[in-house]
1. Report the antiparallel proportion of the DSSP beta bridges in chain B as a percent, rounded to a multiple of 5.
2. Using +1 at the Cβ of each Lys and Arg and -1 at the Cβ of each Asp and Glu in the protein assembly as shown, identify which of A:SER138, A:PRO329, A:GLY200 lies farthest towards the dipole's positive end.
3. Of A:SER362, A:ILE7, A:THR157, which is farthest on the positive side of the dipole of the protein assembly as shown, counting Cα position, with +1 on Lys and Arg Cβ, -1 on Asp and Glu Cβ, and the Cα centre as origin?
4. Would you kindly work out the equivalent ellipsoid of the stretch A:1-44 from its C-alpha gyration tensor and give its semi-axes, the square roots of five times the eigenvalues, largest first in whole Å?
5. Just the number, please: Stokes-Einstein D of the stretch B:110-167 in µm²/s, Kirkwood Rh from C-alpha pairs, 25 °C, 0.890 mPa s.
6. Taking R0 as 45 Å, what FRET efficiency do you get between A:VAL42 and A:THR163 from their Cβ-Cβ distance, rounded to the nearest 0.05?
7. Provide B:MET103, A:MET324 ordered by accessible surface of protein heavy atoms (probe 1.4 Å), highest first.
8. Which value, in Å² rounded to 10, gives the accessible area of B:PHE24 with a 1.4 Å probe and all protein chains present?
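The values are calculated or read from the model by the stated rules, or taken from the named source; none is laboratory data. Note that this is a predicted model, so its numbers are computed, not measured. As a convention, Cβ positions derive from the backbone with ideal geometry for all residues, glycine included, and neighbour counts pool all protein chains shown. Side chains are part of the model used for accessible areas, which takes the heavy atoms of the whole protein and leaves out ligands, DNA and RNA. Shrake-Rupley method; radii C 1.70, N 1.55, O 1.52, S 1.80 Å.
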Amino acid sequence: MNKTFLIFKHEFLNMMRRTGFIIMTLIVPLVFVLIIGIYQIVSGIAKPSEEITKIGYIDNLGGFMQYTSQDKINLVRFDNTGEANISLTAKDIKEYIVIEPSYLSTGVISLYTLEKQLIPPPEEVTAIKNFLTSNLLSDKVPPNTIYLVEAPLNVVTIRLTETGAIAPEQGGYGNLIIPTLFSLLLVLSITFSSSYLLQGLGDEKENRLIEVLLSSVSTRQLIIGKVLGIGAAGLVQVLVWVVSAPFLMNFASSSIGGFLSTLQIPPNFLILCIVYFILGYLLFAVISTGIGAISPSAREGQQLATIFTLGAVSPLWVSSLIIMFPNNPAFIFMTIFPITAPVTLMVRLGSTDVAAWQILLSIIVLVITIAGGLLLTIKIVRTFLLMYGKRPGLGTIIRSFRSG
Amino acid sequence: MHTVEVKHVVKSFADKVAVDDLSFSVAPGEIFGLIGPNGAGKTTTIKMMMDIIKPDTGEITILGEKSGEATKNKLGYLPEERGLYKKQRVLDTIVYLASLKGMSERSAVEKANQMLEQTGMLPHARKKIDELSKGMSQIIQFIVTVIHEPQLVILDEPFSALDPVNTELLKNMVLALRNQGKAIILSTHQMNQVEELCDRILMINKGRAVLYGALGEIKSRYKNNAVLLDFEGELAAVPGVTEKRHRRGYAELFLDANTTPQQLLESLLARGVIVKRFEIATPPLNEIFIKVVGQDNE
């Protein structure tokens, strides 16, 4: 049997049997269920009150008689501040406003309350605003116009293709969910697999098993077998997450108004996400192996690998900017730069149509980096894996490559 | 055909020459001692034989074939610091590492069980490696080294930290391998083990060969014209003896340049000394080691 396959099989099965791996595979869907549960509890607690709030008003200007019922807020008329104050202290009303004769020229409305407020609650301000607007416009314009003045804009975007037909993908927040989810899963997988890989390599190096392995197989066979074996285990993990997603979404639909379950995942979206997941995973597996080779211990290796993991995660820190300005040159660069490419592209995919040339170039750069990285890693392993207890400096690495 | 042939091999790391124009060969059915002080280049030489690292110049052949991927299945290696997958079961570990040497899973399981039985380790086959004692895991590591019946076995400090019972068990296994015609390279600092087991030796210092040949021949080359004598009777001044050193249970007699051991024996018998043991003294390998390395470092 091919030795690379033997190592692949061993690493894959070893990884699948690791307690940490099993816990991680199960914990992500469980965390999802937990989030849904917390959402349900929080939404239950934060449910808007059904009670009607009463706000008093004193109309010194005159003409504010109608539209006193604004959603869940009722406006109650008082003739003077004395009456209003009695109701306020008796807590019959929450607060009251005074419409002075000068209002038409100044726009100033005084609000009296017993509560210490930073700003008045927005829903109350909206209710007062609509009450004032409606009364000011009543008898002057038709009722429909009053509604339009209160809520003049309800944008419905329709995306067209270049031929003018309605595009099958209409964008919106729904489209952001899947790529964002994939990028989060990628970051999680990279972090954990990189840690397993470094731990495994560090252990083999520390207990000299690496020498026994290399007396049986070539460095190339060892590295490729390891990277692919741990990579395949990572894919199984993601497969478990993706397969469990419909069930979780179904469960979620009863609680989150069916929003998640109505998400449609276009096939090309999913294919690109999977392609980038695999490429991203392989890239970081190769980087982790190289770091493992030059690090004296697994712990030091993990510290060094964190620098690269942070690079992979960095697009998530600026994800709101990427969503708002997906075609900014900086983000196009991040799509092509291999370390940031997988996560950046996944976030951009959700918010814009990424140009085909960018995707193609990014994939080519990633593939070249992985292949080059693999060759470099094999060379690093050959040169430095058998050095124990000391990490070669950058100068030593460069010197040895020149001389080698 | 030699099992191993190393010809004019040179290997440098950055600015340090680790192995400098080294040549030697190991024949089938011999135990070959590879000795030298720490940092002499022994491990680098071993790693080049296993094709873990490549020589800068020179050539290494294993059974007539240039050392490379194809020759890896023909050799077995026991590293100085033992390492196995601690969380894996004994049998699984042996079978996996044997499969990397080209054995089928079925024959690896069969042979592993057989060897575990021979070494009394069969009851531990299902245990995890970290449940075994140090001695037990060394025996497992030795099984891993030879399970695929390699023509060349490289043992780096095989007896370190072994108790006398396990040392004897391992020694017998090594001798059995030699009797089967395998070539064995023994790298160790324990000179008594080299003297007891090795047929030929190579001593390296600073990457260069400083002593190479049959152990007996090297020892006689360094002999200092002395004999060890266990006797009864009075040993007064003996002609031809320049110095007498009394050891526990015997005396060491140093002869002048004109006297041979044969002449001394005749002289002793003529004087009526009862000779219980008469042995030509050869310096212990340890002494030769210190002398040669010391001279080379001067």
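1. Values: 37 of 54 bridges.
Expressed as a percentage, antiparallel bridges in chain B total about 70.
2. Result: A:GLY200, furthest along the dipole toward the positive end.
3. A:ILE7
4. Values: eigenvalues 305, 13, 3 Å².
So the equivalent ellipsoid measures 39, 8, 4 Å along its semi-axes.
5. My calculation gives 202 µm²/s for D.
6. Numbers: r = 46 Å, r/R0 = 1.01.
So the FRET efficiency works out to roughly 0.50.
7. On the way: B:MET103 40, A:MET324 125 Å².
I get A:MET324, B:MET103, largest accessible area first.
8. Here the residue's solvent-accessible area equals roughly 10 Å².
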